[in-house]
Amino acid sequence: MTNKDQIQETSTQRRRSASELRRENFHIMLRTLQLAWHAYAKDKAAVGALIFIGIIMILTIFAPYIAPHDPNEAVGTRGGLPGTDGLILGGDMEGRDLLSRLLWGGRIALLTGVAPTVAATCIAVFLGVVAGYIGGWIDQIIMRVLDVFFAFPLVLLAIVIAGSLDPGVSTLILSITIALVPYIARLVRTTTVSVKQEPYIEAARAGGATTPTILARYVLPNTLAPVIVYSTTLIGLMMVVASGLSFLGVGTQPPEADWGTMVSDGRAVLKKAPHASAFAGFMIVIVSLAFAFIGDGLRDALDPRARVR
Amino acid sequence: MSDSLVKVRSLVKHFKLEPKGLFDAPPVLRAVDGIDFDVQRGETLGLVGESGCGKSTTARLVLRLIEPTSGSITLDGVDVLATSKKELMALRREMQIVFQDPLSSLNPRMSVGTSIAEPLRFHRIADKVERFDLARRYLEIVGLSKDYYDRLPHEFSGGQNQRVAIARALILQPKLLILDEPVSALDVSIRAQVLRLLIDVQAEFGLTYIFISHDLSVVKRVCNRTAVLYLGKIVEIAESERLYREPLHPYSQALIRAIPEANPDGPRADSLAGIEGDVPSPVNPPQGCRFHTRCPHRMPVCTEKEPPLMEAGDGHKVACFLHQEAADHSDGQ
């Protein structure tokens with residue numbers, strides 16, 4: 001009522017203000033991104049890792065066009081060393097082109113690393129924020145149930161869940177997601193509890209904000225940063241776990257190409273043709289390391305205080 | 001007394017602490033233990049006392065950010081404690097707060113302009129263009145450039161952030177503004193400017209202030225009346241000028257004597273002249289008068305009975321047995 005009376009503007013003024021607001025908002029967004037990138041770019045390893053992951057993603061997405069051969073067809077001698085039969089990386093123990101299999105296998109490896117982490121993060125953020133902000137018996141119920149999952153080692157839990165379902169990529173994603181939720185939820189809850197005590201939350205309450213507004217505009221943005229950092233570093237780890245599950249036979253099934261199964265297949269001919277396992281294993285290590293570096297860079301990029309004008 | 005904006009009656013807040021053993025009764029922290037005061041329209045009431053005496057708790061109780069154990073609070077005739085959620089929402093427009101630490105009272109990921117406009121958004125006042133214009137206008141009212149709309153709090157100094165926090169509190173045009181140590185976290189050079197701003201906007205918007213501070217020299221400058229708190233109780237309340245000239249309660253006397261003076265020939269400022277020891281724990285306050293453990297004028301009655309807050313003339317109230325039978329007793333000091 002009274003506040004609105006303070007502003008009595010003509011339509012021209014209003015139009016001018018509206019365009020200024022749009023410009024201002026665009027400016028805020030642009031500057032936020034700029035500052036974030038500036039902070040991120042200071043970490044050279046993180047920039048390198050980001051470029052590397054970008055290249056790997058493009059290569060694997062376009063695998064059908066890039067791959068020189070069908071990944072599941074024998075085109076060369078069994079266990080052929082790199083260069084033989086015109087195969088750049090050689091062949092595996094079935095004589096299939098290793099390069100093509102690496103490219104195709106990267107799709108599943110990246111998918112089984114990224115998808116469960118993203119899914120688990122979404123679920124965990126919801127559970128953790130609710131538990132941490134509301135507290136009381138809701139907190140107790142959510143966290144005690146998650147503690148039950150916590151009692152089992154992550155990999156073991158994933159194996160149990162995957163083993164009780166039909167093996168396949170979706171089983172792989174589902175089992176890792178379930179096993180991962182408690183780890184992220186616990187971090188989200190801790191962060192939420194500390195954010196909840198910040199004076200700006202009390203200031204918002206005094207200003208008349210309702211709980212949903214506070215959660216969406218104050219708690220969530222300030223909780224998300226450490227969670228995104230943590231989850232990014234987990235992507236690499238989950239790739240390793242997914243490869244491990246495939247290695248054990250509860251994940252992707254042969255002959256489908258996947259870095260995990262490739263390591264497992266190559267094991268049989270490790271002495272004769274070590275490259276069959278080595279290339280896939282090397283990719284798993286490098287890519288998961290790259291995700292860890294990206295996580296490190298995001299830590300600085302997402303902290304508004306670390307950004308210097 | 002008909003023109004009181006705020007009336008606080010026997011307000012009590014006890015915090016239950018974690019029990020020591022599994023089957024022990026939880027210890028109770030008596031943060032605010034029965035206080036009464038009125039705030040007149042347009043005046044500035046100071047609340048002073050050492051840390052832990054219940055100043056900030058009182059502020060949060062008045063705003064109903066925390067629920068009191070008992071007592072009553074009315075704002076402009078409306079019972080603050082009996083309101084429904086919807087009514088509380090309307091009531092929140094009438095009273096706002098400025099906190100001590102300006103940086104942490106602003107969302108670090110929100111531009112200061114957006115932060116200022118937030119209360120309008122909460123109350124669904126004005127559309128986003130109008131909110132934008134209002135936020136920029138209030139930036140100018142508190143002495144900042146409207147071009148600062150897109151800045152983040154960490155890009156500002158403490159004084160600038162406190163101006164932003166003041167703008168955010170003012171934008172709803174409240175009647176009552178609670179200032180919880182508004183200048184304590186600021187550099188001395190900035191304090192005067194922010195105090196000047198607070199005095200200016202009080203005149204401009206016809207605001208009523210509750211000014212909380214442990215710094216008595218600041219309170220002396222801005223407050224019409226001052227209440228001295230000790231362990232969750234008001235021990236003395238009077239016109240500031242009168243309180244500073246002739247404090248009656250031994251605790252007030254000690255506090256006021258401890259203000260450093262810029263006069264080398266004047267009395268030396270001691271830490272808390274004539275008072276020994278520390279503030280007792282509010283979990284287990286002393287029997288009788290709460291101040292008797294440290295009082296230089298302790299009498300036998302002080303350890304047995306709690307002195308009520310009694311009129312000592314001209315609205316000057318004091319809770320001390322030294323001043324109970326005012327006329328025939330010679331002053332303790």
- [ ] Quote to one decimal, in nm, the extra length available between B:Ser184 and B:Glu241 on full extension: 0.36 nm per residue of separation minus the C-alpha distance between them.
- [x] 18.3 nm
Task: Solvent-accessible ranking of A:Leu103, B:Leu81, largest area first, probe 1.4 Å - done: B:Leu81, A:Leu103
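Roughly how many Å² is the accessible area per residue of chain A, as a whole number, for a 1.4 Å probe?
Per residue, chain A has 49 Å² of solvent-accessible surface.
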- [ ] For chain A, set up a Gaussian network in which alpha carbons nearer than 10 Å are linked by springs, and say which option among A:Val130, A:Val263, A:Val148 fluctuates the most.
- [x] A:Val148
- [ ] State, in square angstrom and to the nearest 100, the accessible area buried between chains A and B, both chains counted, probe radius 1.4 Å.
- [x] 4000 Å²
Task: Partner chain coverage, peptide A:15-27 - average Cβ within 10 angstrom - done: 4
- [ ] Compute the Cα gyration tensor for the range A:45-306, then decide on rounded, prolate or oblate, letting a ≥ b ≥ c be the square roots of its eigenvalues: rounded whenever a/c is under 1.5, prolate when a/b is larger than b/c in the other cases, and oblate in all that remain.
- [x] prolate
Task: Cα-based shape type of chain B, given that a ≥ b ≥ c are square roots of the gyration tensor eigenvalues and the cut on a/c is 1.5 - done: prolate
Task: 11 Å beta-carbon shell around B:Arg60, net charge (K/R +1, D/E -1) - done: +1
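When the helices in chain A are scored as -39500 (n - 2.57) per DSSP H run of 4 or longer and the sum is shared across all residues, what 222 nm value do you end up with, to the nearest 500 deg cm²/dmol?
-24500 deg cm²/dmol
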Task: Heavy atoms of B:Thr208: accessible area, 1.4 Å probe, square angstrom to 10 - done: 0 Å²
TODO: Could you name every residue in the range A:206-245 that has 30 Å² or more less accessible surface in the full protein assembly than in its own chain alone (probe 1.4 Å, ligands and nucleic acids excluded)?
DONE: A:Ala206, A:Gly207, A:Gly208, A:Arg217, A:Tyr218, A:Asn222
Task: Accessible carbon and sulfur surface of chain B relative to its total accessible area, %, 1.4 Å - done: 49 percent
Task: Order of exposure, largest accessible area first, which applies to A:Trp104, A:Trp37, A:Trp259 with probe 1.4 Å - done: A:Trp37, A:Trp104, A:Trp259
Task: Diffusion coefficient, µm² s⁻¹, Stokes-Einstein with Kirkwood Rh over alpha-carbon pairs of the range B:29-121 at 37 °C and 0.692 mPa s - done: 213 µm²/s
TODO: Of the listed pairs B:Lys20/B:Lys305; B:Lys7/B:Lys317; B:Lys7/B:Lys233; A:Lys196/B:Lys85, which have alpha-carbon separations greater than 19 Å here?
DONE: B:Lys20/B:Lys305; A:Lys196/B:Lys85
- [ ] Report the antiparallel proportion of the DSSP beta bridges in chain B as a percent, rounded to a multiple of 5.
- [x] 60 percent
- [ ] Specify, per residue and in Å³, the volume enclosed by the convex hull of the alpha carbon atoms belonging to the protein assembly as shown.
- [x] 213 Å³
Open item on the list: Among B:Phe15, B:Phe291, B:Phe99, which one shows the highest mean-square fluctuation when chain B is modelled as a Gaussian network with alpha-carbon springs under 10 Å?
Closed with: B:Phe15
TODO: Report in % the part of the accessible area of the range A:87-194 that belongs to carbon and sulfur, leaving out ligands and nucleic acids; probe 1.4 Å.
DONE: 77 percent
Task: Cβ-isolated cysteines (cut-off 4.7 Å), the protein assembly as shown - done: A:Cys122, B:Cys53, B:Cys223, B:Cys295, B:Cys320
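DSSP beta bridges in the protein assembly as shown, what fraction antiparallel, as a percent rounded to 5? It would help to have the intermediate numbers written out before the result.
Values: 29 of 47 bridges.
About 60 percent, rounded to the nearest 5.
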- [ ] For B:Lys128, list the aspartates and glutamates whose Cα falls under 19 Å from its own Cα; do not include residues on the same chain fewer than 8 positions away.
- [x] A:Asp5, A:Glu9, A:Glu20, A:Glu24, B:Glu118, B:Glu140, B:Asp147, B:Asp150
Open item on the list: Helix-only mean residue ellipticity at 222 nm, chain B, DSSP H runs n ≥ 4 weighted -39,500 (n - 2.57), per residue, nearest 500. What is it?
Closed with: -8500 deg cm²/dmol
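The values are calculated or read from the model by the stated rules, or taken from the named source; none is laboratory data. All values derive from a computational prediction rather than experimental measurement. Note: ideal-geometry Cβ built from the backbone for every residue, glycine included; neighbour counts use all protein chains shown. Ligands, DNA and RNA are stripped out before the accessible areas are found, and what is left, the full protein with its side chains, is counted by its heavy atoms. Shrake-Rupley method; radii C 1.70, N 1.55, O 1.52, S 1.80 Å.
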